[in-house]
1. So, for the range 93-162, what is the accessible surface per residue at a probe of 1.4 Å, expressed in square angstrom?
2. Is there a pair in LYS174/LYS202; LYS115/LYS165; LYS115/LYS201; LYS174/LYS201; LYS6/LYS103; LYS165/LYS192 whose C-alpha atoms are over 26 Å apart, and which pairs would that be?
3. Quick check: with the 1.4 Å probe, what order do ASP69, ASP46, ASP62 take by accessible area, largest first?
4. With each run of n ≥ 4 DSSP H residues scored as -39500 (n - 2.57), what mean residue ellipticity at 222 nm is computed for the chain after dividing by its residue count and rounding to the nearest 500 deg cm²/dmol?
5. What are the extents of the Cα atoms of the range 113-172 along their three principal axes, in Å, largest first?
6. Quick one: compute the contact order of the range 99-204, relative version, from alpha carbon pairs under 8 angstrom and 6+ residues apart, as a percent.
7. If you rank HIS83, HIS89, HIS141 by how much accessible surface each has, with a 1.4 Å probe, what is the order from largest down?
8. Cα axis of helix 3-14 to longest principal axis of the chain: angle in degrees, 0 to 90, nearest 10?
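The values are calculated or read from the model by the stated rules, or taken from the named source; none is laboratory data. Model, not experiment: these values are computed from the prediction. Every residue, glycine among them, receives a Cβ derived from its backbone with ideal geometry; neighbour counts consider all protein chains shown. With ligands, DNA and RNA removed, areas are computed over all heavy atoms of the protein, side chains included. Shrake-Rupley method; radii C 1.70, N 1.55, O 1.52, S 1.80 Å.
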Amino acid sequence: MRPELKDTILNAFKKLAPGRLLDIPCGSAWLGCALNNDAWEYYGADLFSHPATPNFQRVNLDQNIPYEDGFFDYVVCFEGLEHLENYHHALREFYRILRGGGKLFISMPNILNIKSRKRYYYYGTFYGFPHLIKMPEYGEHLHITPINPSYLISFAQFYGFNLDKIYDIPINKKMYRFLISCFIIKSYIYLKCLLKPYPLKKFLVPLVSINLLLNDNLLFSFQKPLQVDCVGK
């Protein structure tokens, strides 16, 4: 994971009220070490790593997650969805195990940045997603599922989440060579949206931000709405 992404994640967590957190897939459990604070109740889960951390479980994200409904205040899935056969199932499970008002954090490779778009144009696959000439062995950590950010947002909302934030991550200086391409894309979208309904503008404009067009990774937070019991109605 890029240091800039880690720093952005840690800065986001400094602003949160501590609670019960599931880190899946947790890898080396670096987040648990960084949040070394008795106020946080950290749970790690992974299929292939086994860090020496309390509350660890071996979990396959393509299957049901073995925790009760509404058990966590926070769920984080950093650089995990692109390894899955079915990220839709994971999103539904994240929603189930979060309490009302709880937050989901997701980071993933950005297939819509300029570099990745150009690679797809020339090679037919996105940057960071190899052609599977030879299928990977079970347990190899290859990116097998490119996820369009607009699809992630749309399906997370379809499964009940509200988009909370798309985080700005410090951009690699080398990526600024693509600035002209960025402004061409931004101008095209703005012009196309002039006569479009407001909901479409609201949806498309963040997807042509400089952060999204130039970053190798994306970081989102989603929130599960508070569950209101309509007693007596």
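1. Working: 3800 Å² over 70 residues.
Per residue, the range 93-162 has 54 Å² of solvent-accessible surface.
2. Values: LYS174/LYS202 29 Å; LYS115/LYS165 23 Å; LYS115/LYS201 24 Å; LYS174/LYS201 30 Å; LYS6/LYS103 18 Å; LYS165/LYS192 24 Å.
Checking Cα-Cα distances, LYS174/LYS202; LYS174/LYS201 exceed 26 Å.
3. Details: ASP69 110, ASP46 15, ASP62 45 Å².
Correct descending sequence by accessible area is ASP69, ASP62, ASP46.
4. Values: 8 runs with 75 residues, N = 233.
After summing the helix terms and dividing by residue count, I get -9000 deg cm²/dmol.
5. The Cα atoms of the range 113-172 stretch 39, 30, 21 Å along their principal axes.
6. Working: 42 pairs, mean separation 19.5, N = 106.
Relative contact order of the range 99-204: 18 percent.
7. Working: HIS83 60, HIS89 35, HIS141 125 Å².
Of HIS83, HIS89, HIS141, the descending order of accessible area is HIS141, HIS83, HIS89.
8. 50
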